[in-house]
1. Go through region 185-220 and give me each residue that's surrounded by 16 or more Cβ atoms within 10 Å (Cβ to Cβ) and either modelled with pLDDT under 85 or of a type in the set (D, E, K, R) (or both).
2. Any residue at all in region 136-156 that's at negative phi and touching a residue at least 40 places away in the same chain (Cβ under 8 Å)?
3. Filter region 125-184 down to residues that are in a strand (DSSP E or B) and of a type in the set (Asp, Glu) and give me whichever is modelled with the lowest pLDDT.
4. Scan region 221-238 for residues that are at pLDDT 90 or above and either under 18 Å from residue 28 (Cβ atoms) or among the acidic types (Asp, Glu) (or both) and jot them down.
5. Can residue 271 be described as within 30 Å of residue 105 (Cβ to Cβ) and surrounded by fewer than 17 Cβ atoms within 10 Å (Cβ to Cβ)?
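The values are calculated or read from the model by the stated rules, or taken from the named source; none is laboratory data. Computed from a prediction, not measured in an experiment: that's the story for all the values here. Note: ideal-geometry Cβ built from the backbone for every residue, glycine included; neighbour counts use all protein chains shown.
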Amino acid sequence: MLVPLVKPSLQKTPNAYVKELKKELIRFFAEVAFEKPDATGPNPLESYLQSLLDFLLSLNNQIHDRESAQYRPHFQAIINRITQDCTEIITETIYVTRSVPIYQQIPVYKEIEEIDYTRPIEKEEIEYVQESYWSDTNDPIEFLDSIFDGNTGRVQRWRTIEKKRKVVIGYETRTRSVLDGYERVCTDSIFSSEPAGTRVVETHYHPFGVRGIALLAACCHVIVAQSTDMQSPQAIEQLYEQIVDKLQEPLANYRLLSAIRVVQVLKKFADVLFTPLFQENIKRFSHM
């Protein structure tokens, strides 16, 4: 963490004081680049910011803690975004198996009874009928009449006989199935997997890198410069983004570098980290 510089020994050489201060701050900036969000404890970025604010307050009594607290919500908004950007949450989709019924229209039949006219019901009846027949006769008169009638002596007689006949008294019935409509019946099911949400599988935390450096550099400028141009959250955000843009390329592979090498790179871009107004105010602080 930052250790306040002893100003009395440097009061006669303000340029050396500023140089030493910038060196100390650059070392501090390089440290935060390798820090990561911590899910189990305080956010390291907040600890670094608070340490920087305490350090800046120790440089000059005119920088009141109340002033640093005024800008704290603006810095906190950036911290929250950096932490979110450096937190990679790996999720997987949760699937549930659903059964989708398959319906078909099944015909429904009913049994009806009807008369079958091809199957008559018959019964035998006895009918008495008159039947004529020819018979020889011994009666002389009947005989002579028969001769005159050309019947050769035979006479026609009548008798009652029984005659059987079949009479239709009805018809058989038959049962027949007829369509009575359709019924919607589940005949099968289709099983399908459908997404039902997600769950967190892993969480990876990445170093703050350039974002952490830009946050602390912006904090230095806002607190020390005490410029009216830095009063709004939009202005602080813009300053932060400008520093990120300028350091993005030179520190693109900072994870492959050592902390010492990162410090060397930051020294080359000191004008990005420390504005002229910041350096003038630090010189003025060294005489207080």
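1. 211
2. No; the residues of region 136-156 include none that is at negative phi and touching a residue at least 40 places away in the same chain (Cβ under 8 Å).
3. By that ranking, first place goes to 136.
4. Matches in region 221-238: 237 only.
5. no
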